[in-house]
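For reference, the structure is listed below as structure tokens.
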Amino acid sequence: MGPTAVAVGLLLRLGGPTGNMDVILSIGKAVMESSTSLYDAVGGFDKIVQLTRRWHELCLQDPDAAHPFEHPLHPRHDERLAAYLAEALGGPKLYTGGYGDESYVQRIHAGNGVHVDLDEACLRAFDQALVDVGIEGPAGERFSAYFRRVTEEMRVYGAKDAKVPDGLSVNMA
């Protein structure tokens, strides 16, 4: 029996003849909120693709954030990033199902030094992109915090001679 079934059973027991309806409603709301992934809360894959495209545009407009985006990128960069983010937010395993694993992602970004100013400019652009595509409120805050965390964690592989281990799992939100 899964957590939702257990929670529904709890609701039914609480809802007996002496149950308090306010308690039932607040528990039911908590069950619904806890069963919604961040992927679902932000609007799914299409919304994440919108976000990655808008973020890319904003980075190119900002001289402090543009550098990584000025050289030729993979022709499907935005969709690949969206696939990674979708999986990391609890959606379908699109990235590991077709592109690679976390080790691959880290190797793409490894060896470029630690660049806090660039990271901060890109994070500001990401937060603006969230607003621009309508991912706001608690879901937007959680997505922003996740993206900041993984951006900062990538710095561990910043050294030119950084060795990224094989078999890393996707850095989940």
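Some notes on this structure:
- Around Asp119: net Lys/Arg minus Asp/Glu count, Cβ-Cβ under 15 Å: -3
- Applying 0.36 nm per residue to the separation of Met172 and Arg149 and subtracting their alpha-carbon distance, the gain on full extension is 7.2 nm.
- Cα gyration tensor, segment 39-157 - rounded (a/c under 1.5), prolate or oblate: rounded
- Residues of segment 84-126 with amide N under 19 Å of the 7 Å Cα→Cβ point at Ala159: 106-116
- As a proxy for reagent exposure, Arg107, Arg76 were ordered by neighbouring Cβ count within 10 angstrom, fewest first; the result is Arg76, Arg107.
Each reported figure results from applying straightforward, stated rules to the coordinates on display, with no laboratory input. Just so we're clear, the structure is a prediction, and the values are computed from it rather than from any experiment. Because the Cβ atoms are built from the backbone with ideal geometry, glycine has one as well, and the counts that use them run over all protein chains shown.
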